[in-house]
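**Student:** I'd like to ask some things about the structure below.
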């Protein structure tokens with residue numbers, strides 16, 4: 001009874017073929033872009049550097065005065081991905097450095113909680129001397 005009711009309610013949606021909303025289909029398709037086909041983009045100096053860094057052109061002098069908007073969009077997406085990956089690498093390196101620094105401080109006998117208590121004592125003494 002429950003199955004029959006669910007098929008009556010959701011039947012039309014269940015019979016439709018599944019849609020692929022994944023990003024891989026968009027990335028693989030060259031024609032899929034945010035800009036319609038035929039639109040041109042006049043790149044700034046920064047955009048030209050992005051086009052060179054993404055590998056579309058060999059140097060800034062080779063970049064034309066106007067490029068297809070789809071090419072610019074794809075180059076900016078590659079740039080964003082590369083920047084995000086390097087930021088993740090930098091974050092992991094900073095985390096490893098902090099762990100190493102903390103272990104070295106512990107080896108020297110420095111404890112953060114003791115340093116905090118000492119700092120609060122100094123603040124209280126400074127307040128008393130001001131009064």
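Nothing in this text is a laboratory measurement; each read-out follows from the coordinates by a stated rule. For clarity, every value in this text was computed on a predicted model and none was experimentally measured.
**Student:** Just subtract the alpha-carbon distance of residue 131 and residue 59 from 0.36 nm times their residue separation and send over the number in nm, one decimal.
**Tutor:** Details: separation 72, 0.36 × 72 = 25.92 nm, distance 6.65 nm.
Stretched fully, the residue 131-residue 59 segment lengthens by 19.3 nm.
**Student:** Stick to Cα atoms and the Kirkwood definition of Rh, then tell me Rg/Rh for the stretch 40-130. Write down the numbers at each step before the final one.
**Tutor:** Values: Rg = 25.3 Å, Rh = 17.7 Å.
Looking at the stretch 40-130, the ratio lands at 1.43.
**Student:** Calculate I(q)/I(0) for the stretch 61-100 by the Debye formula, one identical point scatterer on each C-alpha and no solvent, and give its log10 at q = 0.16, 0.22 Å⁻¹ to two decimals.
**Tutor:** -0.57, -0.73
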